[in-house]
Amino acid sequence: MGVKSTLFVFHHIQHIHMTLQLTRPIAFIDLETTGVNLSTDRIVEIAIIKIMPDETRQVKRKLINPEMSIPKESSDVHGITDEMVKDAPTFKQAGNEIKQFLDNCDLGGYNSNRFDIPLLMEEFLRAGMDVDLSNRKMVDVQHIFYTMEPRTLSAAYKFYCQKDLTNAHSAEADVSATIEVLFSQMDRYKQLGGSVESILGVIGEDKIVDYARRFSYDERGVEVFNFGKYKGKSVGDVLKNEPHYYDWMMKGDFPLHTKQKLTEIMNRVFLKK
């Protein structure tokens, strides 16, 4: 999520002459980070636009040294490299200034309730700073978007095909509407092209290990856990060091396909020995 898209929201609000009636300031936050894991990733840039009750605005933008290497795939998204942050303050050094800027503010952002605010709070806690948000209101613009424009098949059918889906949840009506939506999307977004390959080339193709996504691939193409205490750790390494974890999962309430993939990895690990 970039700063530009946050600014777009504000410009749009100005354009239609709506104003927020505020009793206290609201600070809209956007973070650029080393990745999307709330517990292990770090902030590399923070931008805050604070709207005051009198409608004036204050802006704070800071590069942050994450004290870890920024993965290439993250730099490709936000354009921030290790070189750019090497002389920037760490979060611990900048934290007090950020905390003071946010004092007595309600908070806003895009997907901020699920990402930006939780990650910012993690950084405050790691820096040993006590920040209490219990009395703050939080406005997540993405939540408004999804509430006002529901992400259902009926809503997509109405949006793309300008028709009401009359027999929603009848399987044949649903699948027929899905095909109509796809063709309307191809008409609307010419960059999708006309083949399955060209569509996936635009939207990206998920590379999955098991259908339930209990495992995923890391940037090196190694299977890693996607849940629990070993989240992000190599499945093979964990099975090598703790073979009983295999037994626990095989006896557990996991889907059959997940167990099948786990067994394949287990066999591969022990055949290597």
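Just want to confirm a number: the relative contact order over the stretch 153-203, from Cα pairs under 8 angstrom separated by 6+ residues, in percent.
Values: 35 pairs, mean separation 13.8, N = 51.
Answer for the stretch 153-203 is 27 percent.
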Volume in Å³ per residue [convex hull over Cα atoms, computed for the stretch 215-272]: 80
Debye intensity ratio in log₁₀ form over the Cα atoms of the stretch 106-236, taken at each q of 0.09, 0.13, 0.21 Å⁻¹: -0.50, -0.96, -1.14
Gain upon complete extension [residue 200, residue 147; 0.36 nm per residue less C-alpha separation]: 16.3 nm
Amide proton proximity set for residue 109, modelled H, under 5 Å, gap of 5+: 29, 139, 141
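Which pairs break 29 Å Cα to Cα here: 207/259; 62/137; 50/207?
Numbers: 207/259 18 Å; 62/137 24 Å; 50/207 40 Å.
The pairs that break the limit, which is 29 Å between Cα atoms, are 50/207.
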3J(HN,Hα) from dihedral phi, the stretch 231-243, Karplus parametrisation 6.51/-1.76/1.60, rounded to Hz, x for glycine, proline: 3, x, 8, 4, 4, x, 5, 5, 5, 5, 7, 9, x
Radius 14 Å from Cβ of residue 104, net charge of other residues (Lys, Arg +1; Asp, Glu -1): +2
Per-residue [θ]222 nm for the chain (sum of -39500 (n - 2.57) over DSSP H runs n ≥ 4, rounded to 500): -13000 deg cm²/dmol
Label selected from (1) 1, 6, 12, 15, 17, 16, 14, 11, 6, 3, 0, 0; (2) 1, 6, 14, 19, 21, 18, 13, 6, 2, 0, 0; (3) 1, 5, 9, 11, 11, 12, 13, 13, 11, 8, 4, 1, 0, 0, the criterion being P(r) over Cα pairs in 5 Å bins from 0, in percent as computed here: (3)
Highest to lowest packing among 155-165, 42-52, 211-221, scored as the average C-beta count within 10 Å: 42-52, 155-165, 211-221
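Multiply the residue gap between residue 167 and residue 24 by 0.36 nm, knock off their C-alpha separation, and tell me the result in nm, one decimal place. Before the final figure, lay out each step's value.
Values: separation 143, 0.36 × 143 = 51.48 nm, distance 4.72 nm.
Stretched out fully, the residue 167 to residue 24 stretch lengthens by 46.8 nm.
Taking K and R as +1 and D and E as -1, what net charge do the other residues with C-beta under 12 Å from the C-beta of residue 255 add up to?
Numbers: positive: 213, 214, 259, 261; negative: 210, 253.
Around residue 255, the charge tally is +2.
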Residue 267/residue 187 FRET efficiency (R0 35 Å; Cβ-Cβ; nearest 0.05): 0.15
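About the Cα centre of the stretch 153-203, how large is the charge dipole given +1 on each Lys and Arg Cβ and -1 on each Asp and Glu Cβ? Please answer in debye to the nearest 20.
Numbers: 4 positive and 6 negative charges, 45 e Å.
The dipole magnitude comes to about 220 debye.
For residue 81, what charge total do you get from the other residues with a beta carbon under 12 Å from its beta carbon, if Lys and Arg give +1 and Asp and Glu give -1? Could the numbers behind the result be given before it?
Numbers: positive: 72, 86; negative: 32, 45, 76, 82, 83.
With Lys, Arg at +1 and Asp, Glu at -1, the neighbours total -3.
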Antiparallel %, DSSP beta bridges [both residues in the stretch 3-145], to 5: 70
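We did not get these values from a lab; they are worked out from the coordinates using the rules stated. Worth saying up front: this structure is predicted, and the values here are computed from it rather than measured. Please note: Cβ atoms are built from the backbone with ideal geometry, for glycine as well, and neighbour counts cover all protein chains shown.
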